[in-house]
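One structure, pasted below without further comment.
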Amino acid sequence: MSPSLPDDETIPAGDPIALFDAWFAEARASEPNDPNAMALATATPGGLPSLRMVLLKGHGPDGFVFYTNFHSRKGQELAANPHVALLFHWKSLRRQIRIEGPVSEVSPDEADAYFASRHPESRLGSAASDQSRPLDSRETYLARVAALRERYPDGHVPRPAHWSGYRVRPNAIEFWHDRVHRLHERRRFVRDGDQGWTSTLLYP
Ligand SMILES: Cc1cc2nc3c(=O)[nH]c(=O)nc-3n(C[C@H](O)[C@H](O)[C@H](O)COP(=O)(O)O)c2cc1C
């Protein structure tokens, strides 16, 4: 008799946000560092992709939030094409989560609150950085940080208007889990209307 497949499934149908919460909690408990690190793919309107890591700084039913410099390469690409893909890979858990959807900007209040929560030196560093622009030497960057530190000795530099957050509203979320003999398991959830989700297993 062949084994009963449904009994063997470990990725439940239902609410993908709750499932994300559960897997993220396990990653926070087991990953050696940055369990919130995720790859962020953007693309030009012509379809040329680019990819880099960012940190997840908030998530919930409304979406997945990261912060960055809106003048950066990713910021310019997002201004022209808001569609992104996110990828988490938790190596020691042998799990992957893929998220796809459009971004919107977080509110200025939300960005201010997150900026204020950062270490003073990190605030100075991001305010001093023309992210993604050419830099003649590291000394130039450090000198800009030092100049801001002199101006704002407590580190309370104001949040630059171009430094803020994006919220990715997921249209699709896919969970992948390593299984024995590479008979891996995948379940893809697709948004169905305003509230609900439908899901299906996919061949690995
Ligand atoms: C683990 C990790 C986390 C990172 N987190 C962020 C982040 O939250 N925001 C950010 O702007 N850059 C972050 N970076 C730097 C980006 O990967 C990237 O170098 C930078 O944002 C410029 O990307 P761009 O030129 O494509 O815009 C992180 C890098 C690593 C390796």
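The values are calculated or read from the model by the stated rules, or taken from the named source; none is laboratory data. Everything quoted here is computed from the prediction, not taken from an experiment. Backbone-built Cβ (ideal geometry, glycine too); neighbour counts: all protein chains shown.
Residues that are closer than 30 Å to Ser129 by Cβ: find the strands (runs of 3 or more DSSP E) completely inside the range 154-204 holding 3 or more of those.
Counting at least 3 such residues, we get 163-168.
Mind counting the residues in the range 58-70 that are surrounded by fewer than 18 Cβ atoms within 10 Å (Cβ to Cβ) and either within 12 Å of the ligand (Cβ to nearest atom) or at pLDDT 95 or above (or both)?
Qualifying residue count, the range 58-70: 1.
Take the residues of the range 138-184 that are under 27 Å from Ala85 (Cα atoms) and of a type in the set (S, T, N, Q): which is surrounded by the most Cβ atoms within 10 Å (Cβ to Cβ)?
If we take residues in the range 138-184 being under 27 Å from Ala85 (Cα atoms) and of a type in the set (S, T, N, Q), then Ser164 is surrounded by the most Cβ atoms within 10 Å (Cβ to Cβ).
In addition: Is it the case, given these coordinates, that Leu55 is of a type in the set (A, V, I, L, M), free of Cβ contacts under 8 Å to residues at least 60 places away in the same chain, closer than 15 Å to Ile173 by Cβ and within 16 Å of the ligand (Cβ to nearest atom)?
No, not satisfied.
Okay, next question. Given the conditions (1) in contact (Cβ under 8 Å) with a residue 60 or more places away in the chain; (2) surrounded by 17 or more Cβ atoms within 10 Å (Cβ to Cβ); (3) not basic (Lys, Arg), report the number of the one that Pro35 does not fulfil.
(1)
Using the structure shown, decide if Phe88 is buried (at least 16 other Cβ atoms within 10 Å of the Cβ), more than 10 Å from the ligand (Cβ to nearest atom) and over 19 Å from Trp163 (Cβ atoms).
Judged against the criteria, Phe88 is a match.
Would you pick out the residues in the range 11-52 that are touching a Phe, Trp or Tyr at 6+ places or on another chain (Cβ under 9 Å) and within 12 Å of the ligand (Cβ to nearest atom)?
Result: Glu31, Pro35, Asn36, Ala37, Met38, Ala39, Leu40.
Within the range 112-122, is there a residue that is under 16 Å from the mean Cα position of the chain (by Cα) and either farther than 30 Å from Arg186 by Cα or buried (at least 18 other Cβ atoms within 10 Å of the Cβ) (or both)?
Yes: the range 112-122 contains one or more residues that are under 16 Å from the mean Cα position of the chain (by Cα) and either farther than 30 Å from Arg186 by Cα or buried (at least 18 other Cβ atoms within 10 Å of the Cβ) (or both).
Okay, moving on. Tell me the strands (runs of 3 or more DSSP E) entirely within the range 26-134 that contain at least 1 residues that are of a type in the set (D, E, K, R).
Filter on the range 26-134 gives 49-55, 95-105.
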